[in-house]
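S.K.: Quick one: the structure is below, and I'll ask about it shortly.
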There are 2 protein chains.
Amino acid sequence: MNIKDIAKISGVGISTVSRVLNNSGVVSDATRARVLSVVKQHNYVPNSNARNLKKTQSNTIALMVKGISNPFFANMIKEVERQVHLRGCPLMIQQVEDGVDEIAAAMQLIKEKNLYGVIFMGGTYDHSEEEFRQLGVPFVLTTITTMKEVDPSAFSSVSIDDVTSAYKATSYLISLGHRNICFLARFPFMENTIGNRRLLGYKKALEEHGIEYDPAFVEDCEYAPSFGFAAAKRLLSKNLGVTAMFAASDAIAIGAAKAVLSSGLSIPGDVSIVGFDGIEMAEYYHPSLDTISQPGVEMAHVSVEILFDLIAGETANRHVVFESMLVKRGSSRKVN
Amino acid sequence: MNIKDIAKISGVGISTVSRVLNNSGVVSDATRARVLSVVKQHNYVPNSNARNLKKTQSNTIALMVKGISNPFFANMIKEVERQVHLRGCPLMIQQVEDGVDEIAAAMQLIKEKNLYGVIFMGGTYDHSEEEFRQLGVPFVLTTITTMKEVDPSAFSSVSIDDVTSAYKATSYLISLGHRNICFLARFPFMENTIGNRRLLGYKKALEEHGIEYDPAFVEDCEYAPSFGFAAAKRLLSKNLGVTAMFAASDAIAIGAAKAVLSSGLSIPGDVSIVGFDGIEMAEYYHPSLDTISQPGVEMAHVSVEILFDLIAGETANRHVVFESMLVKRGSSRKVN
DNA sequence: TAACACCATCGAATCGTTTCGATACACATC
DNA sequence: GATGTGTATCGAAACGATTCGATGGTGTTA
């Protein structure tokens, strides 16, 4: 069942059917109605491969994401899918493993599928302006840090201010009287990662309050409970007199909390904890974990919005920086 | 840059380039090398729209899933993506909202994109054998229950035995001496949902041990912490003398645990809790939650395996039922 | 050396759309 | 009646690949 069949059955030309289906050009009401009824009756769906081939452009959006199952990302992905779907476009998801070049992978997909647009989510990108420009289709970087200085006019982005957010969390703990504050995050051997940027905020807060920065208080760990658990255990075993922990993700915080509690210490009695992201599970932890909450759903929403604006012809790239929010629940307390 | 350009630059015919790229037909080693070098040099990627159009088949796999952000699904999706990607195929993800016809949605995608295969994940399907057969491409139902009796030869599936699994959890709690055991799950107004099937196992265990089934002990709630929290609160306020809760998902269990703990009761001191799924967060809850663990990653893996077997021409549909596992951690205790 | 097989390669037709230039008709204008 | 203006429609070319039947060259065999 193809457009030719529909044309024949409807008793019109091929191009008329095409014009009806695409709402392009003029078609008399009678003809339009007749064609549509035939389409419906035969359950005809235009072949997008043929359409895309001819148009040298498809309506497919691709999402390149680092770690689908990260709960914070999973939430954003859900919203991205919803919003993209709402606009009538199919969504392709590709997970970028560590060490693969995200832009190159996207480039391949773009050529192969004549993509409509791309959303990149998560991670640290080590690409030059030139590489971004080569993509040739609209794209948005969501919660991504870049290693190279790239001219802001070359890309759009959606993010929060990691330095400020971490500063906010650390300052909060300091304001409660804590001096021995740990920081748990992932520090790959790269510059300007999320971990590094949050470390900057952590350091800045310490400095401003006259607390000397001690690397022994910082632990490297992946963004998952098991790593947070192990890192916190290591930290506790150093006997540094830690009274507070700031984790660069709620997943880490949950693991760290488990380490604290299972060591016989209490939260927030002995150790205060602040996480990052604002995932639902952290709220339902016991005690409820304080956190720096990112508006993930809105960030996803705006990412798609920007992308479709660009697709619609908008030429100015946008950079939306969302405000993170310190959410106080039950995992921190005042000391001394 | 298309196949014609590559042919011209390489000094060969179009069909020769095609044969080189597809490893079909005979091509002399010299020619092959020359073509490949030109391809590499110009970063040529075949246009899959043209290819799919000609072949009337694409290599795209679609995943139709209910609730991307459910952590158990998120984990499976991650593995599905990995496995599909490993086989060189792009993955399309579509979220099926409540109330939309999954098969019809897939049908549309299949016609539109000439899909290679489809994986359906999660939910309860109310489709006849006829509808399944109409899909016309290989597909697998993963963690899905069906309302209508469908001839097993008409579809492939990957699942666990929900009745037995729930029976296992409930029996465990009974064996610890509990009599007043709640059950928390989602009971939509449909038959044979996961909630209903697990309820069956719950009832069966009660019955076998001479405990009378009381609907007051069963609460309807969505598979998320906030709903688990509310449901457990409702349950506790009934003053039924509950000593144990069995939740149909870890997310529910986490919410329920929070409700218990924040009511001043202890786990497992006052109330024992068993969840379902085996997500990482439940392990790092404090106390670590007992659960019925499903081997999600393997289930995803096998789903993709079955799908590609079918694509490769395997005609026999397979039904793989995985064994769930009772994982005892720290959220249940013996009473009396 | 004629006949034949085999290997490497080529070109044309084809997949199902979109789109542009052409056409055909009706009606108004001079 | 010649010309012009719109409106509704059509057909053919094109998008970039695959694939089949055809072709030409080389080597083998009788």
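S.K.: Between a residue in region B:124-151 that is surrounded by fewer than 20 Cβ atoms within 10 Å (Cβ to Cβ) and any residue that is assigned to a loop (DSSP other than H, G, I, E, B) and among the hydroxyl-bearing types (Ser, Thr, Tyr), which pairs come within a Cβ distance under 6 Å, given they are 6 or more apart or on different chains?
M.R.: Taking only residues 6 or more apart or on different chains, the pairs are B:THR124/B:THR193; B:LYS148/B:SER128.
S.K.: In region B:60-86, what count of residues is obtained for those that are free of Cβ contacts under 8 Å to residues at least 24 places away in the same chain and within 17 Å of A:ILE61 (Cβ to Cβ)?
M.R.: 1
S.K.: Just the residues that are within 14 Å of chain B (Cβ to nearest Cβ) and of a type in the set (A, V, I, L, M, F, W, C), please, taken from region A:2-40.
M.R.: Correct list: A:ILE3, A:ILE6, A:LEU21, A:VAL39.
Yes/no matrix, rows are residues, columns are (1) modelled with pLDDT under 95; (2) small (Gly, Ala, Ser):
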position	(1), (2)
B:ILE252	no, no
B:TYR285	no, no
B:SER288	no, yes
B:SER293	no, yes
B:LEU310	no, no
B:PHE322	no, no
B:GLY330	yes, yes
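S.K.: Tell me which residues, restricted to region B:254-279, are without any contact (Cβ under 8 Å) to a residue 40 or more places away in the chain and either in a helix (DSSP H, G or I) or within 12 Å of another protein chain (Cβ to nearest Cβ) (or both).
M.R.: B:ILE254, B:GLY255, B:LYS258, B:ALA259, B:VAL260, B:LEU261, B:SER262, B:SER263, B:GLY264, B:LEU265, B:SER266
S.K.: Looking at (1) of a type outside the set (Val, Ile, Thr); (2) in contact with a His (Cβ under 7 Å, 6 or more places away or on another chain); (3) within 30 Å of A:ARG329 (Cα to Cα), which one does A:PRO152 not meet, given that it meets all the others?
M.R.: In the conditions (1) of a type outside the set (Val, Ile, Thr); (2) in contact with a His (Cβ under 7 Å, 6 or more places away or on another chain); (3) within 30 Å of A:ARG329 (Cα to Cα), A:PRO152 misses (3) alone.
S.K.: Considering region A:162-193 alone, what residues qualify as being within 17 Å of A:MET325 (Cα to Cα), under 25 Å from the mean Cα position of the chain (by Cα) and open to solvent by less than 40 Å² (accessible area, probe 1.4 Å)?
M.R.: Hits for region A:162-193 are A:ASP162, A:VAL163, A:SER165, A:ALA166, A:ALA169, A:THR170.
S.K.: Would region A:104-122 turn up any residue that is more than 9 Å from chain B (Cβ to nearest Cβ) and acidic (Asp, Glu)? Please lay out each step first, then the result.
M.R.: Pass one, region A:104-122, residues more than 9 Å from chain B (Cβ to nearest Cβ): A:104-106, A:115-122.
Going one step further and asking which of them are acidic (Asp, Glu), we end up with none.
The answer is no, given that none of the residues of region A:104-122 is more than 9 Å from chain B (Cβ to nearest Cβ) and acidic (Asp, Glu).
S.K.: Those residues that are more than 8 Å from chain B (Cβ to nearest Cβ), open to solvent by 30 Å² or more (accessible area, probe 1.4 Å) and part of a helix (DSSP H, G or I), I need them from region A:41-93; list them, please.
M.R.: Listed by number, the residues that qualify are A:GLN41, A:ARG51, A:LYS54, A:LYS55, A:LEU86.
S.K.: What's the number of the only condition in (1) of a type in the set (D, E, K, R); (2) within 14 Å of another protein chain (Cβ to nearest Cβ); (3) open to solvent by less than 30 Å² (accessible area, probe 1.4 Å) that A:ARG198 fails to meet?
M.R.: Every listed condition holds for A:ARG198 apart from (2).
S.K.: Follow-up. Scan region A:1-43 for residues that are more than 28 Å from B:LEU135 (Cα to Cα) and either within 13 Å of DNA strand C (Cβ to nearest atom) or in contact (Cβ under 8 Å) with a residue 12 or more places away in the chain (or both) and report the count.
M.R.: Selection size over region A:1-43: 14.
S.K.: For the condition within 8 Å of DNA strand D (Cβ to nearest atom), in contact with a helix residue (DSSP H, G or I) (Cβ under 6 Å, 6 or more places away or on another chain), among the hydrophobic types (A, V, I, L, M, F, W, C) and assigned to a helix (DSSP H, G or I), what is the one hit in A:ALA7, A:ALA30? Give the steps one after another, and end with the answer.
M.R.: Details: A:ALA30 fails: in contact with a helix residue (DSSP H, G or I) (Cβ under 6 Å, 6 or more places away or on another chain).
Checking each option against the conditions leaves just A:ALA7.
S.K.: Looking at region A:275-312 only, could you name the residues that are open to solvent by 20 Å² or more (accessible area, probe 1.4 Å) and among the acidic types (Asp, Glu)?
M.R.: Across region A:275-312, the qualifying residues are A:GLU280, A:GLU283, A:GLU298, A:GLU305, A:ASP309.
S.K.: Looking only at region B:94-103, count every residue that is surrounded by fewer than 17 Cβ atoms within 10 Å (Cβ to Cβ), more than 10 Å from every other protein chain (Cβ to nearest Cβ) and of a type in the set (Asp, Glu) and tell me the total.
M.R.: 2
The values are calculated or read from the model by the stated rules, or taken from the named source; none is laboratory data. Remember, it's a predicted structure, so these values are computed and weren't measured experimentally. FYI the Cβ positions are ideal-geometry reconstructions off the backbone, even for glycines, and counts take in every protein chain you see. Remember, those area values only see protein heavy atoms, side chains included, never the ligands or the DNA or RNA. Shrake-Rupley method; radii C 1.70, N 1.55, O 1.52, S 1.80 Å.
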